[in-house]
1. How many residues are surrounded by fewer than 22 Cβ atoms within 10 Å (Cβ to Cβ), outside any strand (DSSP E or B) and more than 16 Å from the ligand (Cβ to nearest atom) when one looks only at region 478-493?
2. Condition check: of a type outside the set (Phe, Trp, Tyr), in a strand (DSSP E or B) and either closer than 29 Å to GLY357 by Cβ or more than 16 Å from the ligand (Cβ to nearest atom) (or both). Does GLU475 satisfy that?
3. How many residues does region 487-530 contain that are over 22 Å from TYR246 (Cβ atoms), in contact (Cβ under 8 Å) with a residue 40 or more places away in the chain and of a type outside the set (A, V, I, L, M, F, W, C)?
4. When region 24-62 is examined, which residues are found to be over 21 Å from ILE127 (Cα atoms), within 18 Å of the chain's Cα centre (by Cα) and either among the aromatic types (Phe, Trp, Tyr) or assigned to a helix (DSSP H, G or I) (or both)?
5. I'd like to verify a number: residues in region 99-121 that are part of a helix (DSSP H, G or I) and either touching a residue at least 24 places away in the same chain (Cβ under 8 Å) or surrounded by 13 or more Cβ atoms within 10 Å (Cβ to Cβ) (or both), how many?
6. Which ones in region 362-400 are out of contact with any helix residue (DSSP H, G or I) (no Cβ under 7 Å at 6 or more places or on another chain) and either small (Gly, Ala, Ser) or modelled with pLDDT under 95 (or both)?
7. Only one of (1) touching a helix residue (DSSP H, G or I) at 6+ places or on another chain (Cβ under 8 Å); (2) charged (D, E, K, R); (3) under 26 Å from HIS519 (Cβ atoms); (4) at pLDDT 95 or above is not met by ASP137, so which one is it?
8. Taking only region 507-536 into account, find how many residues are among the acidic types (Asp, Glu) and buried (at least 24 other Cβ atoms within 10 Å of the Cβ).
Amino acid sequence: METKYVFVTGGVVSSLGKGIISSSLACLLKARGYRVTIQKFDPYINIDPGTLNPYEHGECYVTVDGHIGDLDLGHYERFTNVNTTRANNITTGRIYQSVIDKERRGDYLGKTVQVVPHITDEIKRNIKKLGNTGDFDFVITEIGGTVGDIESLPYLESVRQLRWELGNNCACIHLTYVPYVNAAKELKTKPTQHSVKKLQELGIQPDILVLRTEKNVEPDMRRKIALFCNVAPDSVVQSLDVPSIYQVPLMLHEQHFDEIVMRCTGVPVEGEPDMKQWIAFLNKMENATKTVKIGLVGKYVELPDAYKSINESLFQAATYNDRRLEIKFIQSEKLNPANVEEKLAGLDGVLVGPGSGQRGVEGKIAAINWCREHDIPTFGICLGMQCMVIEYARDVLGLTDANSTEMDLGTPHKVIDLMEEQKSIANMGETTRRGSYDCSLLPSSKTAKAYGKTNISERHFHRYELNNAYRTQLEANGMACVGENPATKLVEVVEVPEKRWFIGVQYHPEYSSTVLAPHPLFVDFVKAAIEYGKNK
Ligand code: GLN
């Protein structure tokens, strides 16, 4: 079949959940057997979110091909089980960079380079790029921001133009908000009407409206919205608040959302999506009564979005272990050896999160020390793993000043150090080791048992590494280096085998845990935490 393009725009306010709506649609279409991908256009000028403070932007998500992307890419993968790549996340910065590069090369043959047509052509090229691979039946494109934003204009203009080029192979979904005004005890449709008018002013008539709402929008009100917004009455669906984002696909399917999109794009509607496995996951989620309590130690804990993929991976792992998840967010900056016992009391397991820079590192080390001595299931990810090595070197090897050169350039014991090939690179955005790398695991390790295999490939996002000069000393004293990159011999996984579950990974398993394929290390960690919790 010809590739179908679905555009998702948002109006009224931000944070309505365009990413979840796009992901849910992709999930349903995939369950109908279609090949689907989702891309996100971010209107900001940064080339990628890699240089953004997590407080600004939440988590940076890393794709298999090493692109640092918006956290919505994580939702796309979790809902569809399909990997995204660099082509799935474009920013205004990248569009302009590419156009300016072309201008400098003389590709525009002396023409004046303008927003229309040059920037819009570049946007359209990037939208069609995924479709042109021939790998997808549906390309869902989420336009970041809200209708009316100055910076979104070139994207919306590109969508307007593409509607003419693509004809029936294209559908526009507009997500709006229907607020409940408590004083009037009424839902209000006016913001939606204004938002659609704004879109119409730009030449885009939405085909489908999704109304985000806290209260049920009755059929009469939906018909009124349809009438005022020039949309077919049966193409107005609602997205009510639900306890879990993973319930959204089914909620939308009950309103025939997937069928409406298929009808709009000329795809014959037959059969039903196969959501058996998805429903089994939801049943587990709804039936779980007991709780597993995990502590997440990090310096960005005031903003849970900064650890989005970790939260979701823990949640999926808890669900597959028939448990509700309770995460206690622990600010590493406020942890020290004197208060660690009180702050970590009652937890079944502790996850020490990724990060960069000195702030909060000593707190992470204090947490790890306490967990190791009390044999609490402990999972270190990236910086968390590096802190496990530093703590072990200080406390077990007796190298009291051991550190990472990221924290202390002058440390006499650089147990974590800059990788040789990174030393000469000066450009901030480019210095990290990113994307998927192979790792071979020691067959006897807990890690290999959790994976059920010894050859794995995992995503990385870091600059510093375990310094191999300390490997023999660490291993002789009980910290096993059980995973390494076969080509470079860089250590990717450490564990202390004599402990219940004490594993640190240099990579980021949280980026590849999905609803239908939860990550085996997370599942094993939560299992160990439950076991520990039972006998505590
Ligand atoms: N700051 C550390 C490094 O660059 C760890 C990075 C991370 O946790 N993602 O190696």
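The values are calculated or read from the model by the stated rules, or taken from the named source; none is laboratory data. Because the structure is predicted, anything quoted here is derived from the model rather than measured. Neighbour counts are summed over all protein chains in view; Cβ atoms, including those assigned to glycine, are modelled from backbone coordinates with ideal geometry.
1. 4
2. Numbers: of a type outside the set (Phe, Trp, Tyr): yes; in a strand (DSSP E or B): no; either closer than 29 Å to GLY357 by Cβ or more than 16 Å from the ligand (Cβ to nearest atom) (or both): yes.
Here the answer is no, as GLU475 does not meet what is asked.
3. Qualifying residue count for the region: 8.
4. So in region 24-62, the residues over 21 Å from ILE127 (Cα atoms) come out as 28, 31-33, 50-60.
Retained after the next criterion (residues that are within 18 Å of the chain's Cα centre (by Cα)): 50-60.
Answer for region 24-62, where residues must be over 21 Å from ILE127 (Cα atoms), within 18 Å of the chain's Cα centre (by Cα) and either among the aromatic types (Phe, Trp, Tyr) or assigned to a helix (DSSP H, G or I) (or both): GLY50, THR51, PRO54, TYR55, GLU56, HIS57.
5. Here is the first cut: in region 99-121, the residues part of a helix (DSSP H, G or I) are 99-105, 115-121.
Narrowing further to those that are either touching a residue at least 24 places away in the same chain (Cβ under 8 Å) or surrounded by 13 or more Cβ atoms within 10 Å (Cβ to Cβ) (or both): 99, 102-103, 115-121.
Residues that pass the stated criteria total 10.
6. Passing the criteria: only GLY398.
7. (3)
8. Pass one, region 507-536, residues among the acidic types (Asp, Glu): 510, 524, 531.
Imposing the further condition that a residue be buried (at least 24 other Cβ atoms within 10 Å of the Cβ) reduces the set to 510.
Selection size over region 507-536: 1.
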